[in-house]
1. I'd like the residue in the range 201-245 that is part of a loop (DSSP other than H, G, I, E, B) and basic (K, R) and, out of all such residues, is farthest from C119 (Cα to Cα).
2. Restricting attention to the range 230-285, which residues are of a type in the set (S, T, Y) and farther than 23 Å from K176 by Cα?
3. Return yes when I204 is within 16 Å of the ligand (Cβ to nearest atom), open to solvent by less than 20 Å² (accessible area, probe 1.4 Å) and in contact (Cβ under 8 Å) with a residue 12 or more places away in the chain and no when it is not.
4. Out of (1) within 16 Å of the ligand (Cβ to nearest atom); (2) farther than 25 Å from G95 by Cβ, the odd one out for R313 is which?
5. Going through the range 120-137 one residue at a time, which ones are of a type in the set (A, V, I, L, M), in contact with a Phe, Trp or Tyr (Cβ under 7 Å, 6 or more places away or on another chain) and assigned to a loop (DSSP other than H, G, I, E, B)?
6. Restricting to the range 45-103, name every residue that is closer than 19 Å to T327 by Cα, outside any helix (DSSP H, G or I) and away from the ligand (no atom under 16 Å from the Cβ).
7. Would you confirm whether or not the range 147-166 contains a residue that is outside any helix (DSSP H, G or I), out of contact with any strand residue (DSSP E or B) (no Cβ under 8 Å at 6 or more places or on another chain), in contact (Cβ under 8 Å) with a residue 40 or more places away in the chain and under 28 Å from V56 (Cβ atoms)?
8. Consider only pairs whose beta carbons are under 7 Å apart and that are at least six residues apart or on different chains; among these, list those whose first residue lies in the range 82-93 and is within 30 Å of D55 (Cβ to Cβ) and whose second residue is modelled with pLDDT of 95 or more and surrounded by fewer than 18 Cβ atoms within 10 Å (Cβ to Cβ).
Amino acid sequence: MSFIHFVRDSWLTASYYTGLSRLYHALAGRKRGIISYHNVLPISSLPPFDTYNVDVTAAVFDRQLAFLKKHFRVLPIQELENPDAKGLFLTVDDGMLNNYEILAPILKEHGLSALFAICPAMVDGEVPHIWRDHVFLLLHRAQGQEVWLPIDHYRKPFKVAGNSLSINHLTREVKKYVYENQVADIYGLVREICEQNKGAYSPILHDPLRYQFMNWSQIQDLTKRGHRVASHTMTHRILKFLPEDEKQYELVESKKRLENQLNIPVDVLVYPYGSMAEIDQATVNAAKEAGYQTALMNVRHHLLLEPSLTVPRFAFPPVADAAHLHTIVSGYKFLFR
Ligand SMILES: [Zn+2]
């Protein structure tokens, strides 16, 4: 941990135990809040990969829920659109198998419900992996070998060292390339990387709980147990980079396919990534045009219009420390940013 982090964490802890952050909560009173989760994994410590920075262990998730129930009110997800419902809501993105096998049973133990954001094209196997996971899996498989990557236009191979450092670094470099070049056809890029490395563009078997998607009957089962389903677009591309017709395809087709498969109306959208780097006003307008009533972002503050289609969310780091978590839910941690 860096010194600055150490100072910040000590300060947050002190704020909690001296009652400062709790006082802030009582005064400012976060009336509503939406927490975003991704993967809950059945291991005691997470592997040191960047791809896991949206992951939490089952033990920590369990303790975070216990913390939330003790200090705040976690509301049934059915109340999400009710403006008078004051409390916290839980959402889970991407629809990986762990959501059904590990996460949902822990929610059940706590008597809680959540909104699951699903990409139908992933469920139907039209795309092997979310692109960033695919890049990570390709690099992970290539440990100790050389790979050709678009970051230098395939000019020279990169040696993938047998440690997480190199894999994290190269995954991040590819991500940087995608954002700098505003790549719309991101799966075309993954396909190209596969071709350049003489490999098939197909699923890579590695930790199914983390990299395999739920199937339709599992998702349907969640809806029968009081959970809800939102569209997370068809293929988890970066909406801001897409031309208008492809944006509409991602938004309209995913809604349609979820409704057909699950026999329920789907009018909530969870933007993939969900920050200002991926969403602009044109994206919000497209979501409105596609018929969504509610759309969730992944930031607390933004400059976009249409409040119901730019609802903020926040995430927890993978820790169970009550002091730290309290400063996040109360918003105290972000006061001085
Ligand atoms: Zn996502």
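The values are calculated or read from the model by the stated rules, or taken from the named source; none is laboratory data. Just so it is clear, the structure is predicted and the values come from calculations on it, not from any experiment. Note that each Cβ is placed from the backbone with ideal geometry, even for glycine, and that neighbours are counted across all protein chains shown. Please note that ligands, DNA and RNA were not included when accessible areas were found on the heavy atoms of the full protein model with its side chains. Shrake-Rupley method; radii C 1.70, N 1.55, O 1.52, S 1.80 Å.
1. At the first step, the residues of the range 201-245 found to be part of a loop (DSSP other than H, G, I, E, B) are 201-207, 212, 214-215, 225-227, 232-238, 242-243.
Filter once more, so that each one left must be basic (K, R): 225, 237.
Values: R225: 20, R237: 10 Å.
Ranking the candidates gives R225 first.
2. Within the range 230-285, the subset of a type in the set (S, T, Y) is 231, 233, 235, 249, 254, 271, 273, 275, 283.
Answer for the range 230-285, where residues must be of a type in the set (S, T, Y) and farther than 23 Å from K176 by Cα: S231, Y249, S254.
3. Numbers: within 16 Å of the ligand (Cβ to nearest atom): no; open to solvent by less than 20 Å² (accessible area, probe 1.4 Å): yes; in contact (Cβ under 8 Å) with a residue 12 or more places away in the chain: yes.
No.
4. Against the list (1) within 16 Å of the ligand (Cβ to nearest atom); (2) farther than 25 Å from G95 by Cβ, R313 comes up short only on (2).
5. The answer is V127, and nothing else.
6. F72, R73, V74, K86, G87, L88, F89
7. No: zero hits.
8. So the pair list comes out as A85/E79.
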